[in-house]
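The structure appears right after this line, and notes come after that.
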């Protein structure tokens with residue numbers, strides 16, 4: 001049978017066709033009036049997409065570059081920072097803080113779980129300079145309570161800055177950045193915005209900008225003050241990823257179109273789409289007798305599913321690829337082989353969800369060599385969708 005390559009991973013995600021076209025056809029020099037207009041418009045649209053009045057900076061890097069910049073720009077060697085970690089990307093915050101010689105406090109939660117707010121509050125002493133956390137831990141499929149954490153930081157942390165890696169959270173989770181008091185939030189192009197990897201963006205509060213004037217960690221390429229100064233003129237401090245920025249502009253136009261001309265409404269629709277697809281996938285997995293890895297705090301960006309006893313997740317990943325040319329993600333680090341992850345982020349819809357669930361039924365039959373009730377997962381997913389659409393009609397009536 002014909003097989004089309006499909007990504008069901010939490011990054012990179014399926015590319016928006018309009019973004020691919022914009023990227024392929026773009027040829028402007030970055031020091032021209034036309035490019036300055038594009039960059040200025042894209043930065044303004046990113047502010048709406050994020051939902052903030054803070055200045056937004058765009059970097060030619062992966063999301064990890066923006067994470068590193070959030071350490072180098074906001075801390076000095078010896079500063080005490082608090083890292084909240086429950087997976088591989090929380091551990092990345094820890095490793096970055098160590099690399100730049102911060103004094104480290106850590107709150108940990110087991111993989112697949114989230115933090116105790118009580119324990120976070122106990123660690124929030126007045127000398128904590130920054131708190132680093134994920135909105136979604138994409139290595140485990142867990143979602144963290146950013147609103148609750150922000151409330152603690154604002155009431156107990158005094159001068160503490162809250163920095164949130166929302167690389168998979170933006171566009172999949174409702175986040176009120178300014179109201180909650182998030183000082184830095186980080187996104188990446190290859191997630192909900194449906195563009196290839198290579199761009200990271202940050203929304204930065206005035207408190208955080210003021211902190212940068214006093215910090216002493218080394219920085220050069222990732223000096224965010226240089227980028228803010230350049231962005232005010234519609235430029236970047238260094239050579240930008242021009243074609244990716246054209247693609248990003250097209251993606252933001254698509255989100256606006258989804259909201260019938262309103263970018264904020266488009267962002268809400270994108271998040272709601274991820275929430276429904278994730279709930280469909282969770283219901284299908286359970287109907288097929290599989291256990292969710294983060295049942296108490298599931299993310300909308302992706303679903304992590306524990307593999308049946310005696311099976312390696314690599315076998316499921318391989319079967320998806322060999323049979324359907326579909327790519328799902330294995331676990332990471334100590335969870336490799338123990339779980340697999342299906343994403344619902346970006347250019348991904350109802351039909352994609354049914355497709356991956358239908359494929360999952362065949363994959364399970366092949367790798368477990370046990371009877372599978374074909375259609376059980378699909379029925380559960382369809383019932384979720386039917387109820388969500390029925391509820392939406394009642395609300396809109």
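What follows draws every value from the coordinates through simple rules; no lab data is involved. Because the structure is predicted, anything quoted here is derived from the model rather than measured. Note that we place each Cβ from the backbone using ideal geometry, even for glycine, and neighbour counts take in every protein chain shown.
Here are some notes:
- Nearest-0.05 FRET efficiency for residue 29 and residue 207, computed from C-beta distance (R0 45 Å): 0.80
- Rounded if a/c under 1.5, otherwise prolate or oblate - the range 1-107, Cα gyration tensor axes: oblate
- Taking every DSSP beta bridge that has both ends in the range 1-149, the antiparallel portion is near 15%.
- The range 307-385, relative contact order [Cα under 8 Å, separation at least 6], %: 26
- Per-residue extension of 0.36 nm, minus the Cα-Cα distance of residue 101 and residue 393, leaves a gain of 99.7 nm for this segment.
- Taken along the Cα-to-beta-carbon direction at a fixed 7 Å, the label points for residue 311 and residue 350 span 2.9 nm.
- Packing-based exposure ordering (other Cβ within 10 Å, fewest first) of 347, 221, 201: 221, 347, 201
- FRET efficiency estimate (nearest 0.05) - Cβ-Cβ, residue 318 to residue 176, R0 51 angstrom: 0.80
- Translational diffusion of the range 17-258, µm² s⁻¹ [Kirkwood Rh, Cα pairs; Stokes-Einstein; 37 °C; 0.692 mPa s]: 182
- When the Cα gyration tensor is reduced to axis lengths a ≥ b ≥ c, the ratio a/c is 1.5 or higher for the range 326-397, and with a/b not above b/c it is classed as oblate.
- Separation of alpha-carbon centers, the range 134-160 and the range 280-349, rounded to whole Å: 25
- Mean Cα-pair separation over length for the range 17-258, i.e. relative contact order, pairs under 8 Å, 6 or more apart, %: 30
- Sorted by Cβ density within 10 Å, fewest first, the residues 348, 220, 374, 132: 220, 374, 348, 132
- For the range 135-229: rounded, prolate or oblate by the Cα gyration tensor [a/c cutoff 1.5]: oblate
- Relative to one another, the C-alpha centroids of the range 202-261 and the range 1-39 are positioned 18 Å apart.
- Bridges between two residues of the range 17-258, per DSSP, are antiparallel at a rate of about 40%.
- From least to most packed, judged by other beta carbons within 10 angstrom and beginning with the fewest, 149, 167 follow the order 149, 167.
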